[in-house]
1. Ordering 184, 159 by accessible area with a probe of 1.4 Å, largest first, what comes out?
2. Please give the length that would be gained between residue 146 and residue 192 if that part of the chain were fully extended, namely 0.36 nm times their separation in residues minus their C-alpha to C-alpha distance (nm, one decimal).
3. Each label point is 7 Å from the Cα along the Cα-to-Cβ direction; what then is the distance between the points at residue 41 and residue 171, in nm?
4. Classify segment 155-200 from the C-alpha gyration tensor, please: rounded if a/c falls under 1.5, else prolate or oblate depending on whether a/b exceeds b/c.
5. What accessible area, in Å² to the nearest ten, does a 1.4 Å probe give for residue 74?
6. Search the structure for amide H atoms under 5 Å from the amide H of residue 128, placed 1.01 Å from N in the peptide plane, and list their residues when 5 or more places away or on another chain.
7. Cross-link list 5/196; 107/210; 32/210: which exceed 29 angstrom alpha carbon to alpha carbon?
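The values are calculated or read from the model by the stated rules, or taken from the named source; none is laboratory data. This one's a predicted model, so the numbers in the text were calculated from it and none came from an experiment. Every residue, glycine as well, gets a Cβ built from its backbone with ideal geometry; the counts of neighbours run over all protein chains shown. Side chains are part of the model used for accessible areas, which takes the heavy atoms of the whole protein and leaves out ligands, DNA and RNA. Shrake-Rupley method; radii C 1.70, N 1.55, O 1.52, S 1.80 Å.
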Amino acid sequence: MTTLKNRLILSLAHRSLGGDILDSLVEETALKTKNILSELQDVLNKHNQNNVDHHEHKNGLDSDFVEAKNPTVHVLLTGSPYVTQPGRSFDNWETVQWTPGEQVLSKFIDTVGLHKFHRLPKEGEVRLNGKLVDVKQKDFTIHEGTETQLRKELTWIAYIVKQHFNLYATAPVSDATIIIPAEYANDEMDVQEVLKILKEIFDREWSGMKGPLRKVKINLQIVTRPDTLR
């Protein structure tokens, strides 16, 4: 059953990926975002109709609806260690003056549709929030391709996302989807081993800790190259 709690989508896009797999990652992230937005909006619409049909509730609203009238879908993409700077124009982007992370975030926003992002949505609308999470891949390449490197990388990402929610987005999150490119697998670790490590780390750093992500339900999604997609 769909609840009106906030949702989180974390897309791991900071590694050096080929154009095709990066495009697939952005497209899958955008598709997941649209699906969750639609799902939550349907629930909100039913609550609105329920409020009209049940005036016996205090103030015409039931308590659950009042608490969650504007649930938020948070979409975080990992990328460049440089945040977007005010005043950059489209011409700057075309001349590659935007960082790779900024370009990935820009492509995601364009794919979803800029009009879907609300800073202050109307009552009864789902809020969509997009953010670039600063990750320096070079900090984790000393043992590139090893389990140690992967664990350090994922633990750091889990930590900085958790800190973001603890400081800036304090409302509870019920469900989180982590989208990861299949390229994380290699000769030393297959896809299932990578997913096992990822689930272990994010369960520990998020679900098992105090804060908005406590007890969050974590779902994992692998993105493969276009010629191997279902």
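1. Details: 184 5, 159 95 Å².
I get 159, 184, largest accessible area first.
2. Values: separation 46, 0.36 × 46 = 16.56 nm, distance 1.50 nm.
Residue separation times 0.36 nm, minus the Cα-Cα distance, leaves 15.1 nm.
3. 1.7
4. Numbers: a/c = 3.25, a/b = 2.46, b/c = 1.32.
Judged from the Cα gyration tensor, segment 155-200 comes out prolate (a/c at least 1.5, a/b above b/c).
5. That residue has around 10 Å² of solvent-accessible surface.
6. Under 5 Å from the amide H of residue 128 lie the amide H atoms of 73, 118, each far enough along the sequence or on another chain.
7. Numbers: 5/196 26 Å; 107/210 34 Å; 32/210 27 Å.
Flagged as over cut-off: 107/210.
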